[in-house]
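The values are calculated or read from the model by the stated rules, or taken from the named source; none is laboratory data. Here the structure is a predicted model, which means the values were calculated and not measured. Cβ placement follows ideal geometry from the backbone for every residue including glycine, while neighbour counts extend to all protein chains displayed. The area values use the complete protein model at the heavy-atom level, side chains included, leaving out ligands, DNA and RNA. Shrake-Rupley method; radii C 1.70, N 1.55, O 1.52, S 1.80 Å.
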Amino acid sequence: MASFQNSLLFFFFVMIISTSTAQTSFRPKALVLPVSKDSSTLQYTTQFKQRTPLVPVKLTLDLGGQFLWVDCDKGYVSSTYRPVPCRSAVCNQARSKSCITQCFSPPRPGCNNNTCGHFPDNTVTNTGTGGEIGTDVVSLQSTDGKKFGSGRYGLANGVTGMAGLGRSKISLPAQFSAAFSFHRKFAICLSSNGVVFFGDGPYVFLPGIDVSKSLIYTPLILNPVSTAGSFFQGDPSTDYFIGVKSIKINEIAVKVNTTLLSINEEGFGGTKISTVKPYTVMETSIYNAFTRAFIKATAKIPRVSPVSPFRVCYNSTFIGSTRVGPAVPQIDLVLQSSSVFWRIFGANSMVQVKSDVLCLGFVDGGVNPRTSIVIGGYQLEDNLVQIDLAASKVGFSSSLFFRQTTCSNFNFTSNA
């Protein structure tokens, strides 16, 4: 069983990888992290080992997060922790403009003098704080694409930080690709028990299905203005935006204000993908038009009283089932052309809230939100999403149920 340990930059404290600390000369093809869904908070969490001696660390997965940050106030002990000096190359790589000149307590992880500072962002509660950047050891398992080679602050129970996968030079994908010379790609596949791949495919799920062969691609769009709760002036967003041009229900276009689908000069608008939002969030006018169109398309299905946070709910005894979930109208997010769309079937559009009640799993994001559409975790479940940073594009599979597999079907069992 192969295990890889590297120094990684992190917070409240932030983490960065140094290839000089690798304990093996072998370079893995890819790395994988298991992902679980917390039933009470609906957050997607992961766990790996960190520090010296190694201890398990549980983190909430944040697709657009700038970096890995950890709360170091709860007994953080490690002989390999090193603070990053102000104005160092690593500090510059983190785009930090902050220097912690004096910490008013004895030196410890998270509190050292003349250390590069940053602002960890809790995207669950939309709050930020201050912290120092440091390096330490992490240990992950490798994969050949088929199997393993080997709360606080509003977060889920047992979680001590967030694992940022965003579009920055110190996010986990960026650090792992630099450390191990991976392709600058990673993929997420969410479910109650899913997986994150760092590196290229194949992405093989039981019973031997390579999902990477059936991806549809759309360009990544850079939002030039940061969408984080705390950031330095001039920072671009580290979220992953895609160019949704229109929305269709049963192939009929929903009439929306299309200017909201583009990013304006202030960084408002557009569509991004999120693992932190449990359900897709839409700006109010888009949400109202969308739900009206969906209600019209399901006029023959009896509606029932709404169940928070949803507004459109149905008597599920009148809804049939298919291979891809409840038999309801399909939803298309139309991308760069009419022939390229992300199709959402009933398994990802309808949420079972009671034994006899299904609700449309989209929520109202209010007037003038920072981002017009945020595609949430429920809509991503059992869809493989690949982020290709080098080619600046996103690949997506649509529902894996059509391929007769799920995101829970990655083989985490070692032959060793």
Quiz item: Based on what the data block shows, is P278 part of a loop (DSSP other than H, G, I, E, B) and within 24 Å of the chain's Cα centre (by Cα)?
Solution: yes
Practice problem: For S98, indicate whether it is loosely packed, with under 14 Cβ neighbours inside 10 Å and of a type in the set (G, A, S). | Solution: no
Self-check item: Extreme residue, modelled with the lowest pLDDT, among residues of the range 102-117 that are closer than 25 Å to S168 by Cα and either in a loop (DSSP other than H, G, I, E, B) or in contact with a Gly (Cβ under 9 Å, 6 or more places away or on another chain) (or both)
Solution: G110
Self-check item: Failed item in (1) open to solvent by less than 40 Å² (accessible area, probe 1.4 Å); (2) hydroxyl-bearing (S, T, Y); (3) over 25 Å from V340 (Cα atoms), with Y240 passing the rest
Solution: (3)
Quiz item: (1) surrounded by fewer than 14 Cβ atoms within 10 Å (Cβ to Cβ); (2) over 25 Å from S237 (Cβ atoms): which one isn't true of L358, the others all being true?
Solution: (1)
Quiz prompt | Residue that is least open to solvent (accessible area, probe 1.4 Å), among those in the range 300-321 that are more than 22 Å from Y287 (Cβ to Cβ) and part of a strand (DSSP E or B) | solution = N315
Exercise. For N157, state whether it is modelled with pLDDT under 95 and within 21 Å of F48 (Cα to Cα).
Key: yes
Self-check item: Residue list for the range 249-273, filter: out of contact with any helix residue (DSSP H, G or I) (no Cβ under 9 Å at 6 or more places or on another chain) and closer than 25 Å to Q386 by Cα
Solution: S262, I263, G267, K272
